[in-house]
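Below: one structure, written as structure tokens.
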Amino acid sequence: MLTTTASTLPAADAGSRDGFDILDVCHRHTLMALGKLSALIARLDKYGADDEARALAEEIGRYFSTTSREHHEDEERHVFPKILAGRDTALKQTVLRLQQDHFWLEEDWREMAPLLDAVACGQSWVDLDTLRESAAVFSALSHDHIALEEACIYPEARARLHAGEGAEMGREMAARRRMGVAGHRERTA
């Protein structure tokens with residue numbers, strides 16, 4: 001199972017890892033979550049909102065509501081500024097597109113999340129065709145976004161790091177996640 005949350009994604013050992021390693025692992029987890037979203041839709045089509053579908057919907061919802069959002073924040077803080085500070089106009093335009101992607105991914109998620117929440121609660125009102133269409137748009141944009149970051153932006157931003165910046169980036173990401181988990185625990189206690 002995927003079961004990644006703010007407390008379990010690679011940030012747990014981020015203090016000893018380069019921030020880009022953590023971002024790369026998050027991309028792998030995102031691709032797995034998208035695969036699970038596809039599997040969920042197939043399961044709903046065949047079995048409806050059974051126990052397995054409900055658990056899968058909850059897991060996917062938790063991932064894209066927490067870890068995925070933190071990942072985008074990490075990129076906005078640590079990756080994109082390095083490129084925007086440079087002189088390469090084409091790279092700057094690519095970053096602007098990726099920032100717009102973050103906005104669209106969030107919008108797409110906000111539309112899809114209530115459907116997954118309903119499935120997770122075992123409700124039967126969810127229109128499977130609407131969920132299927134929303135998931136297809138969200139998945140396609142996510143795949144394109146990840147491919148562009150990994151092929152173009154990450155290598156450039158990584159090359160612009162000074163000694164020790166990658167590890168510092170990892171430490172900052174881990175600290176923010178720890179604070180987020182602590183705040184979540186306080187709110188639910």
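A few remarks follow.
- Some residue of segment 161-168 being at pLDDT below 95, touching a helix residue (DSSP H, G or I) at 6+ places or on another chain (Cβ under 6 Å) and part of a helix (DSSP H, G or I): yes
- Scanning segment 169-189 for residues that are modelled with pLDDT under 85, assigned to a helix (DSSP H, G or I) and among the small types (G, A, S) yields A174, A175, G180, A182, G183.
- In segment 9-50, the residue that is modelled with the lowest pLDDT out of those that are in a loop (DSSP other than H, G, I, E, B) and surrounded by 16 or more Cβ atoms within 10 Å (Cβ to Cβ) is L9.
- Candidates A53, A118, A113, filtered to the one that is modelled with pLDDT of 95 or more, crowded, with 20+ Cβ neighbours inside 10 Å and more than 27 Å from E168 (Cα to Cα): A53
The values are calculated or read from the model by the stated rules, or taken from the named source; none is laboratory data. None of the values given here were measured: they were computed from a predicted structure. With ideal geometry, Cβ positions are generated from the backbone for all residues, glycine too; neighbour counts draw on all protein chains shown.
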